[in-house]
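A.B. asks: Structure provided below as structure tokens; questions to follow.
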Amino acid sequence: MLVLHDEATLLHETIEILNGESMRALESPSRILQLVSAISQAHPVHELRVLSSTSASLENIQALHDLVASTHDKQYLEHLRTIHAAWVKAGIIQQSGSVLPECFPLQGLTIGTPKPPRDLNARPGYFAFDLSTGIAEHTWTSALASANLAAEGAKLIVRGRDGLKDPTKDVLALCRPPGHHCTTNLAGGYCYLNNAVVAVEALRHWTTPDDKRPLRIAILDLDFHHGNGTQSYFYKDPKVFYASVHGDGEYPYYTGGEEETGEGDGIGTNLNLPLPLVSSLEAYLEKLEVAMDRLGSFKPDYLLVSLGFDTYEHDPLGAFAIKTADYRVIAEKARTAAGLKSVPALLLLEGGYVLDALGPNMLSFLAGWETAK
Ligand SMILES: [Zn+2]
């Protein structure tokens with residue numbers, strides 16, 4: 001597996017309110033360090049390629065900014081870029097502090113459509129839906145680096161490595177912060193930019209214009225939590241099929257039901273498979289098989305996987321009973337599904353919070369994925 005990493009993804013460090021307490025966010029730079037270490041030790045089975053969005057060519061930076069700007073709300077992006085400095089300048093926090101929301105413009109609280117507030121303390125609540133997504137000094141830099149890994153991964157699976165078309169090569173992007181909860185105008189669940197959304201638009205951007213048929217893209221979300229942001233972006237899009245296996249009734253709480261099947265032209269291209277808590281591999285595979293059947297029948301040109309390891313049995317934010325060895329089985333099942341076996345795939349890192357299990361869980365998953373090819 002070709003694995004993409006950018007050291008700028010390590011810069012973002014913030015706090016969250018969890019279980020009534022303010023603490024360092026469980027989504028930490030150490031997660032990536034654990035994965036980089038495990039993947040480096042597995043060389044040459046896996047190849048780690050280090051990119052740098054901060055020193056990329058102007059052309060690449062412009063392409064990245066265009067992709068992010070075309071997929072996310074303009075005022076939201078401005079907020080992400082500037083709010084930390086504004087709070088420091090106003091004396092609300094120190095340079096090392098984090099911006100967190102105070103008040104949300106919820107339904108029933110406002111009359112008409114609320115506007116972005118001028119008050120600096122009010123603004124974070126307008127652009128977020130929870131208290132797990134603090135904005136610190138380097139959050140924007142890391143979020144952009146994370147989106148860049150998704151975009152570069154997309155470019156690689158379209159064009160092939162080093163410009164040589166090689167459809168047998170899949171790519172794993174070690175995205176951090178993760179992306180699938182971001183709705184493109186609201187941060188939440190540790191997510192600031194939606195990397196899967198950026199990747200889909202990058203796939204469309206890099207595909208040669210002589211291919212007249214619109215691309216068909218399958219997204220398999222294997223994080224413990226429902227990817228509400230990715231679902232909402234593609235909810236009416238008949239060319240993107242989103243399927244998710246996730247904890248029933250769990251965060252983000254208000255999405256992920258089986259009745260959410262798409263809207264308008266997109267009806268039938270959204271599949272939610274909530275799974276009861278404490279489910280083990282057997283129950284998980286039953287849901288996964290349903291997801292793979294539907295994604296395979298869609299006959300996609302590309303497969304994106306939102307890959308989270310908070311399905312692991314000891315994860316503090318998950319509640320399944322998946323063990324390290326199970327990830328190999330899950331990956332094999334996903335990679336060998338009818339209609340998907342030869343489809344180029346891009347894996348995007350989402351959650352997973354047991355630090356010393358992240359490396360073994362990822363290697364187990366990749367072993368299954370590569371064997372299946
Ligand atoms: Zn998650």
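The values are calculated or read from the model by the stated rules, or taken from the named source; none is laboratory data. Here the structure is a predicted model, which is why all the values come from computation and not from measurement. Positions of Cβ are backbone-derived with ideal geometry, glycine not excepted, and every protein chain shown enters the neighbour counts.
A.B. asks: Tally up the residues in region 184-202 that are surrounded by fewer than 24 Cβ atoms within 10 Å (Cβ to Cβ) and more than 13 Å from the ligand (Cβ to nearest atom), please.
C.D. replies: Qualifying residue count, region 184-202: 4.
A.B. asks: May I ask you to say which residue of THR336, THR324 is among the polar types (S, T, N, Q), more than 16 Å from the ligand (Cβ to nearest atom) and within 25 Å of GLY160 (Cα to Cα)?
C.D. replies: THR336
A.B. asks: Out of the residues in region 219-244 that are over 12 Å from HIS181 (Cβ atoms) and among the β-branched types (Val, Ile, Thr), state the one that is farthest from the ligand (Cβ to nearest atom).
C.D. replies: Step by step, filter region 219-244, then rank; the result is VAL240.
A.B. asks: Any residue at all in region 116-132 that is over 22 Å from the mean Cα position of the chain (by Cα) and exposed (fewer than 13 other Cβ atoms within 10 Å of the Cβ)?
C.D. replies: yes
A.B. asks: Then there's this: For GLU27, only one of the following conditions fails: (1) within 18 Å of GLY188 (Cβ to Cβ); (2) in a strand (DSSP E or B). What is its number?
C.D. replies: (2)
A.B. asks: Could you check, for region 304-316, whether at least one of its residues is within 19 Å of ALA338 (Cα to Cα) and at pLDDT 95 or above?
C.D. replies: yes
A.B. asks: Of all residues in region 323-342, count the ones that are surrounded by fewer than 21 Cβ atoms within 10 Å (Cβ to Cβ) and modelled with pLDDT of 95 or more.
C.D. replies: 7
A.B. asks: Then there's this: Show the residue pairs that are 6+ apart or on different chains and have beta-carbon atoms under 9 Å apart, the first residue being within region 145-159 and among the acidic types (Asp, Glu), the second being part of a helix (DSSP H, G or I).
C.D. replies: Note: pairs meeting the criteria are GLU152/SER53; GLU152/ASN60; GLU152/LEU64; GLU152/ALA202.
A.B. asks: Can you confirm whether GLY266 is more than 16 Å from the ligand (Cβ to nearest atom), touching a helix residue (DSSP H, G or I) at 6+ places or on another chain (Cβ under 8 Å) and not basic (Lys, Arg)?
C.D. replies: yes
A.B. asks: Across region 284-320, which residue is surrounded by the fewest Cβ atoms within 10 Å (Cβ to Cβ) among those that are of a type in the set (Gly, Ala, Ser) and more than 16 Å from the ligand (Cβ to nearest atom)?
C.D. replies: SER297
A.B. asks: Go over the candidates TYR327, TYR254, TYR284 one by one and state the one that is in a loop (DSSP other than H, G, I, E, B) and of a type in the set (Phe, Trp, Tyr).
C.D. replies: TYR254
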